[in-house]
Amino acid sequence: MSLALFQNGSYSFAGHFHDSGAPSYDIEAVWVIVSESGKAFSFAVKGATHGTFEAGSRNFDFTQNGNNSQLQDAWPDLCAGYHWRFSVYVNWNVQSAVDDVVSALKTAGTVIGTVVAVVALL
């Protein structure tokens, strides 16, 4: 996965997953970036890959481009410093994924005040 943020509030969240085995998988991925003051932005995606015993693509590719004024407003704070983490789950729930990543960042000492869900492809 890749995540690019820009000063004008634009973002690009993209990725590729491939299933090379027999079982099929539902995939949920989340990326959270937290500004110096604790404002968190979350990016989430959900899709599926199909294994040997099920019809469908072995690949799940996604690209989400957009603009969020809250990213633009937080830009100076993001430039001052940030923490990030991403996680990928199979056969899980996106909200649980976001909660797990935010919890892990808090455990690591990151102060998180507000979580802004920027994009969720569900």
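The values are calculated or read from the model by the stated rules, or taken from the named source; none is laboratory data. If you're wondering where the values come from, they're calculated on a predicted model, not measured in any experiment. Cβ coordinates were reconstructed from backbone atoms using ideal geometry, including for glycine residues, and neighbour counts include every protein chain displayed.
Couple of notes before you dig in:
- Filtered residues of segment 41-61 (kept if at pLDDT below 95 and over 30 Å from Trp75 (Cβ atoms)): Ala48, Thr49, His50, Gly51, Thr52, Phe53, Glu54, Ala55, Gly56
- Residue match in segment 94-107 (condition: under 20 Å from Asn8 (Cα atoms) and either surrounded by 14 or more Cβ atoms within 10 Å (Cβ to Cβ) or touching a helix residue (DSSP H, G or I) at 6+ places or on another chain (Cβ under 6 Å) (or both)): no
- Answer residue from segment 24-60, given it is out of contact with any Ser or Thr (no Cβ under 8 Å at 6 or more places or on another chain) and in a loop (DSSP other than H, G, I, E, B) and is surrounded by the fewest Cβ atoms within 10 Å (Cβ to Cβ) among those: Ala55
- Exactly one residue out of Gly9, Gly38, Gly81 is out of contact with any strand residue (DSSP E or B) (no Cβ under 7 Å at 6 or more places or on another chain), of a type outside the set (Lys, Arg), on the phi > 0 side of the Ramachandran plot and modelled with pLDDT of 95 or more: that is Gly81.
- Residue within segment 91-111 that is in contact with a strand residue (DSSP E or B) (Cβ under 6 Å, 6 or more places away or on another chain), assigned to a strand (DSSP E or B) and among the small types (Gly, Ala, Ser) present: no
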